[in-house]
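K.L.:
This is the structure I have questions about; it appears just below.
The values are calculated or read from the model by the stated rules, or taken from the named source; none is laboratory data. None of these values were measured; they are calculated from a predicted model. Cβ sites come from the backbone with ideal geometry, for glycine too, and all protein chains shown count toward neighbours. Protein only, heavy atoms only, side chains kept; ligands, DNA and RNA dropped before computing areas. Shrake-Rupley method; radii C 1.70, N 1.55, O 1.52, S 1.80 Å.
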Amino acid sequence: MTAIDYKCYQFAMTIQTLPETPLLEKANDIALLKRTEDWAKVNSGTTNLDGLKTVAGYLADAFAILPGEIELVEPEPVEAVGSDGSVDQVQRGQHLLGTIRPDAAVRILLTGHMDTVFPAEHSFQKLEWIEKGVLNGPGVADMKGGISVMLGALQLLEQSEQASHIGYDIMINSDEEVGSASSAALIGLCAKDKVAALTYEPALPDGTLAGERGGSGNFSLIFTGKSAHAGRNPDEGRNALVAAADMALQLKAMHREGLSVNPAKIEGGGPNNAVPDHAILRVNFRPKALADQQEAQGTLDNLVASIARDHDLDVHCHGGFGRPPKPIDPQAEKLFHLVKSCGADLGLDINWRGTGGVCDGNNIAACGVPVVDTMGVRGGAIHSADEFLIADSLVERTQLSALTIMRIAAKGGL
């Protein structure tokens with residue numbers, strides 16, 4: 001008997017002792033893997049609006065089995081800075097919103113995302129079993145497998161005696177992989193008055209959950225100088241490229257423990273015989289705590305003013321901190337311990353640790369709602385062509401979510 005076989009045997013022996021066992025075992029009868037494969041076969045990169053439309057339709061049909069209203073809602077307008085400095089609107093796909101028992105005294109939020117990081121032209125398009133029980137494919141872990149787990153857990157919940165005691169909203173957006181700008185307001189609306197939230201990002205291969213998360217802010221700094229001949233009258237020009245480089249160096253000097261600063265790209269410039277009058281600097285901030293975010297924003301604002309003054313040109317700052325830091329407060333800790341307790345009853349050793357990554361869990365926590373944001377499948381190598389899903393975790397994590405939700409319902413909260 002292998003280590004993996006032993007773990008499955010141990011899991012099966014433990015679950016038989018639970019009063020919820022007959023219901024939880026029905027997870028084996030749900031087409032968790034098949035619908036994950038069906039959804040993952042459709043490219044739904046954030047910019048692939050046709051693919052997103054197809055997947056959104058599949059999801060709307062699948063979630064329609066729940067006893068509530070399922071709808072596709074239009075995205076909020078999103079602005080982006082082009083390489084020429086123009087600020088234009090970009091299109092995003094529709095988001096799925098579900099509302100079940102909105103008048104229930106206890107209500108929770110479940111969220112996921114239908115988009116992947118792989119655009120329509122990306123070479124990573126097919127599913128492949130790389131070894132027994134391990135499926136490689138775009139979005140199988142992040143997070144079409146997670147969405148299947150979410151729906152599976154709700155299918156079990158709706159067959160339980162606890163279902164009538166709890167209501168929930170479902171939000172599956174189309175732009176999580178690019179910061180959720182077109183769905184941030186919807187997340188905030190859905191989080192209102194919820195006692196807890198579960199988000200279905202993948203757990204690590206060993207089942208470890210993400211605990212506290214740092215935040216993230218993305219900015220585009222537009223420099224507008226003055227062109228001049230590089231030989232005849234260079235001092236009459238205002239070099240936007242030099243100003244952008246100066247800003248990049250000063251921003252990088254902010255980098256410290258608790259605040260990662262990454263000047264990522266400078267666009268602009270021109271021919272060698274002309275002083276460049278245009279440049280754009282792209283920069284990402286990763287603050288560990290809210291105080292770090294506030295310091296970063298204040299320093300950035302001061303640098304914009306000082307660079308404009310010192311180089312005698314215009315600097316426009318576009319962007320913001322779309323993902324606030326997510327600490328583990330007492331309510332979040334209670335939710336984590338509830339998940340851990342449910343895991344223990346299922347024979348699973350659930351642990352969590354801090355991570356530098358960000359997701360919609362950051363936004364939910366900023367609304368004051370405790371959230372565990374890695375309730376999805378066990379998998380790894382996400383955002384790469386090596387992405388994989390551990391297939392056995394589909395049933396395992398469906399049962400974990402279902403039991404967690406039923407316990408919240410039974411307790412009337414956390």
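K.L.:
Report the per residue volume, in Å³, of the convex hull enclosing the C-alpha atoms of the chain.
P.N.:
142
K.L.:
Of the peptides 390-397, 346-353, 322-329, how do they stack up when ordered by the mean number of other Cβ atoms within 10 Å, highest first? The partial results should precede the final answer.
P.N.:
Details: 390-397: 23.6, 346-353: 16.8, 322-329: 19.6.
In descending order of packing, they fall as 390-397, 322-329, 346-353.
K.L.:
Same structure, new question: Using amide H atoms built in the peptide plane, which far-off residues or other-chain residues are under 5 Å from G354 H to H?
P.N.:
G211, E212
K.L.:
Applying the Karplus parametrisation 6.51 cos²θ - 1.76 cosθ + 1.60 with θ = phi - 60° to the phi angles of segment 365-378, what ³J(HN,Hα) value in whole Hz is obtained for each residue in order, glycine and proline being reported as x?
P.N.:
4, 5, 8, x, 9, x, 9, 10, 10, 10, 8, x, 5, 7
K.L.:
Hey, can you rank 129-138, 95-104, 253-262 by average C-beta count inside 10 Å, highest first?
P.N.:
Peptide ranking by packing, descending: 95-104, 129-138, 253-262.
K.L.:
Give the separation of the Cα centroids, segment 155-228 to segment 80-94, in Å.
P.N.:
22
K.L.:
Nearest 10 degrees is fine. How inclined is helix 240-252 to the longest principal axis of the chain, computing both from alpha carbons?
P.N.:
Compared with the principal axis, the helix lies near 50 degrees.
K.L.:
Does segment 53-107 come out rounded, prolate or oblate, given a ≥ b ≥ c as the square roots of the eigenvalues of its C-alpha gyration tensor, rounded meaning a/c under 1.5 and, failing that, prolate meaning a/b above b/c?
P.N.:
It comes out oblate by the Cα gyration axes.
K.L.:
Which percent of the accessible area of segment 264-414 is formed by carbon and sulfur heavy atoms (probe 1.4 angstrom)?
P.N.:
49
K.L.:
Moving to a separate point now. Apply the Karplus parameterisation 6.51 cos²θ - 1.76 cosθ + 1.60, with θ equal to phi minus 60°, to every residue of segment 196-213 and state each ³J(HN,Hα) to the nearest whole Hz, in sequence, with x for glycine and proline.
P.N.:
6, 9, 10, 10, 10, 4, x, 6, 5, x, 8, x, 5, 9, 7, x, 5, 10
K.L.:
Next question, about the same structure. Taking the alpha-carbon distance from K340 and a cut-off under 15 Å, which aspartates and glutamates remain once sequence neighbours fewer than 8 residues away in the same chain are dropped?
P.N.:
The reachable aspartates and glutamates, counting only those whose Cα sits under 15 Å from K340, are D206, D349, D373, E396.
K.L.:
Starting from the amide H of R107, placed 1.01 Å from N in the peptide plane, find each other amide H under 5 Å away whose residue is 5 or more places distant or on another chain.
P.N.:
G167, V195
K.L.:
Once both axes come from the Cα atoms, what is the angle between helix 3-15 and the longest principal axis of the chain, in degrees from 0 to 90, rounded to 10?
P.N.:
60
K.L.:
With all pairs of different alpha carbon atoms counted, what Kirkwood hydrodynamic radius in Å does segment 171-287 show? Present the calculation step by step, with values, prior to reporting the outcome.
P.N.:
Values: mean 1/r = 0.0560 Å⁻¹.
Taking every pair of different Cα atoms in segment 171-287, averaging 1/r and inverting gives 17.9 Å.
K.L.:
Still on this model: Per q in 0.11, 0.18, 0.19 Å⁻¹, report the Debye log10 I(q)/I(0) for segment 20-124, using one uniform scatterer on each alpha carbon and no solvent.
P.N.:
Once normalised to I(0) and log-transformed, intensities are -0.49, -1.05, -1.11.
K.L.:
A follow-up question, please. Taking the full set of protein chains and a 1.4 angstrom probe, give the accessible area of R286 in square angstrom, rounded to the nearest 10.
P.N.:
Looks like 90 Å² after rounding.
K.L.:
Pull out a ≥ b ≥ c, the square roots of the eigenvalues of the alpha-carbon gyration tensor of segment 221-272, then state rounded if a/c is under 1.5, prolate if not and a/b is larger than b/c, and oblate in the remaining case.
P.N.:
prolate
K.L.:
Here's something else I'd like to know. Can you list the trypsin sites (Lys or Arg not before Pro) in segment 202-242 that are in a DSSP coil and have 16 or fewer other beta carbons within 10 angstrom? Kindly include the intermediate steps, with their values, before the conclusion.
P.N.:
Numbers: sites: R213, K226, R232, R238; in loops: R232.
Qualifying residues, ordered by number: R232.
K.L.:
Ok, one more. Restricting the count to DSSP beta bridges whose residues both fall in the chain, what percent are antiparallel, rounded to a multiple of 5?
P.N.:
Around 75 percent antiparallel, to the nearest 5.
K.L.:
Another one. I need the phi-derived Karplus couplings for segment 135-143: 6.51 cos²θ - 1.76 cosθ + 1.60, θ = phi - 60°, integer Hz, Gly and Pro marked x.
P.N.:
These are the phi-based 3J(HN,Hα) values: 9, 9, x, x, x, 4, 9, 10, 9 Hz.
K.L.:
Turning to a different aspect of this structure: Taking only protein heavy atoms and a 1.4 Å probe, what accessible area per residue, in Å², does the chain have with all protein chains in place?
P.N.:
With the other protein chains kept in place, the chain gives 43 Å² per residue.
K.L.:
Now for a separate question. If one takes the longest principal axis of the Cα atoms in the chain, at what angle in degrees, from 0 to 90 and to the nearest 10, does the Cα axis of helix 393-411 lie?
P.N.:
80
K.L.:
Explain nothing, just the number: dipole magnitude of the chain about its Cα centre with +1 on each Lys and Arg Cβ and -1 on each Asp and Glu Cβ, in debye rounded to the nearest 20.
P.N.:
Rounded to the nearest 20 debye, it is 600 debye.
K.L.:
Amide H of G139: which non-local residues (sequence gap of 5 or more, or other chain) have their own amide H closer than 5 Å, using H built in the peptide plane?
P.N.:
Here nothing satisfies the definition.
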